[in-house]
Amino acid sequence: MKIAFVGKGGSGKTTLSSLFIRHLVAAGRPVVAIDADINQHLGPALGLEETEAAALPALGERLSLIKDYLRGANPRIASAATMIKTTPPGEGSRLVRVGEPNPVYDACARPVELDGGAARLMVTGPFTDADLGVACYHSKTGAVELLLNHLVDGPDEYVVVDMTAGSDSFASGMFTRFDMTFLVAEPTRKGVSVYRQYKDYARDFGVTLKVVGNKVQAQDDIDFLRAEAGDDLLVTVGHSDWVRAMEKGRPPRFDLLEEANARALHTMRAAADATHGLRDWARYTRQMVHFHLKNAEAWGNERTGADLAAQVDPDFVLSESVATPA
């Protein structure tokens, strides 16, 4: 299952995504965790020291390797240099699976130990001095979008992405790559404004969206979120001494998380799992192609000097049954 965490800055989306990742690992599930936020806080939220988190290999800096691997023997892609963030897979492309070893994981993922289990952690990488003033952050997340386009996952396999704050994720087609999007919202007008914006943008793309109310203190907060989000409000999370200890760098065992918050995580996983039966791989592939053609026309053809529409394999549909060539 591919799961995104979104929300305004400061809403607690990184904290909740890290708790959800811990919950999945504690349940023995294979997890690929991806930090696609400019602030790069997911590693520390999963218990890494700041120096360890800073040393994680950046996806954006290994884009050539990623493209070379994913291109495989696809005859429609002349070279890795003509691949852009939206390039779809086709016959001959290499696909990535959650639990399998592959050169992309070897180069870009690192295991993070969590209460006896581990998640694979991947990061886009922060802005560097060379990027300041001249680079768009979405050039960093392009590697994530390309990877998700070539990733095949089944039930009880999870890819959890901590997205960039606010509605910035709509600057790419990546928002359509997920089975479930959890929008973390505080019980404030600013907190729910991102929800309304996200829902409006996502409406025409079949995005499954659920609201997770965070920093809830009283029934009045729940009533406010329910009035604003209606049935989209899935669960609420309140104060957590466990999280406070984690933020100080001294997390207790995960099974000591407060019962109410543990129940909320169970509810979130059940909601995400329920979307598997609703998967429409044909629509998923059409959306991939839709955004690829838009990007090709807007800037990709000019930048690469190639007709990127020719990369689309009209007979290819990504699915769990598609075999990865050797």
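For this structure, a couple of remarks:
- Selection from PRO314, THR86, ALA270 lying farthest towards where the dipole of the chain points positive, charges on Cβ: PRO314
- In this structure the amide hydrogen of VAL184, modeled in the peptide plane, comes within under 5 Å of the amide hydrogens of VAL6, GLY7, VAL212, none closer than 5 places in sequence on its chain.
- Global geometry of segment 183-223, whether rounded, prolate or oblate, following the gyration tensor of its Cα atoms and the 1.5 cut on a/c: prolate
- For segment 178-320, the square roots a ≥ b ≥ c of the C-alpha gyration tensor eigenvalues yield an a/c of 1.5 or more together with a/b exceeding b/c, which makes the shape prolate.
- 21 Å Cα-Cα reach of LYS210 towards lysines, excluding residues that sit fewer than 8 places from it in its own chain: LYS2, LYS8, LYS13, LYS190, LYS199
- With the charge dipole of the chain set up from +1 on Lys and Arg Cβ and -1 on Asp and Glu Cβ about the Cα centre, the Cα lying farthest toward the positive end among the listed residues ALA227, CYS108, LEU257 is that of ALA227.
- To put it simply, the accessible area of segment 1-76 at a 1.4 Å probe is 47 percent carbon and sulfur.
- Springs between Cα atoms under 10 Å define the GNM used for the chain, and in it the highest mean-square fluctuation of THR124, THR285, THR86 occurs at THR285.
- Theoretical FRET efficiency, 1/(1+(r/R0)^6), r = Cβ-Cβ of ARG279 and ALA245, R0 45 Å, to 0.05: 0.75
- Rounded Å value of the spacing that divides the Cα centres of segment 159-234 and segment 6-38: 15 Å
- Using the Cβ of HIS276 as centre and a radius below 12 Å, the other residues enclosed give a net charge of -4, where K and R count +1 and D and E count -1.
- Once the 1.4 Å probe is applied to the protein heavy atoms, the chain comes out at 44 Å² accessible per residue.
- Positive-end residue of PHE170, SER11, ILE38, charge dipole of the chain with Cβ unit charges: PHE170
- Residue-by-residue Karplus 3J(HN,Hα) for segment 105-118, coefficients 6.51, -1.76, 1.60, Hz, glycine and proline x: 5, 4, 8, 10, 10, 9, x, 10, 6, 9, 6, x, x, 7
- Label-point separation, PHE170 to ALA309 (7 Å along Cα→Cβ), nm: 2.7 nm
- Dipole size of segment 38-131 about its Cα centre, with +1 on Lys/Arg Cβ and -1 on Asp/Glu Cβ: approximately 640 debye, rounded to the nearest 20.
- Structure-based [θ]222 nm, the chain - -39500 (n - 2.57) summed over DSSP H runs of at least 4, per residue, nearest 500: -10500 deg cm²/dmol
- Whole-Hz Karplus values for segment 203-208 come out as 3, 7, 10, x, 6, 7 Hz, taken residue by residue from phi with 6.51 cos²θ - 1.76 cosθ + 1.60 and θ = phi - 60°; glycine and proline positions read x.
- Virtual paramagnetic centre 7 Å along Cα→Cβ of LEU256, amide N under 18 Å, in segment 42-60: 46-48
- The chain, dipole about Cα centre (Lys/Arg Cβ +1, Asp/Glu Cβ -1), debye to the nearest 20: 260 debye
- In this label model, GLU91 and GLN217 are separated by 6.3 nm, measuring between points 7 Å along each Cα→Cβ vector.
- Within the chain, percent of DSSP bridges classed antiparallel, to nearest 5: 15 percent
- Here segment 169-238 exposes an accessible surface that is 44 percent carbon and sulfur, computed with a 1.4 Å probe and the other protein chains kept in place.
- Anisotropy class of the chain from Cα gyration tensor, a/c 1.5 cut: prolate
The values are calculated or read from the model by the stated rules, or taken from the named source; none is laboratory data. Just so it is clear, the structure is predicted and the values come from calculations on it, not from any experiment. Here the Cβ is made from the backbone with ideal geometry for all residues, glycine too, and neighbour counts use every protein chain on show. Surface accessibility is based on the protein's heavy atoms, side chains included, excluding ligands, DNA and RNA. Shrake-Rupley method; radii C 1.70, N 1.55, O 1.52, S 1.80 Å.
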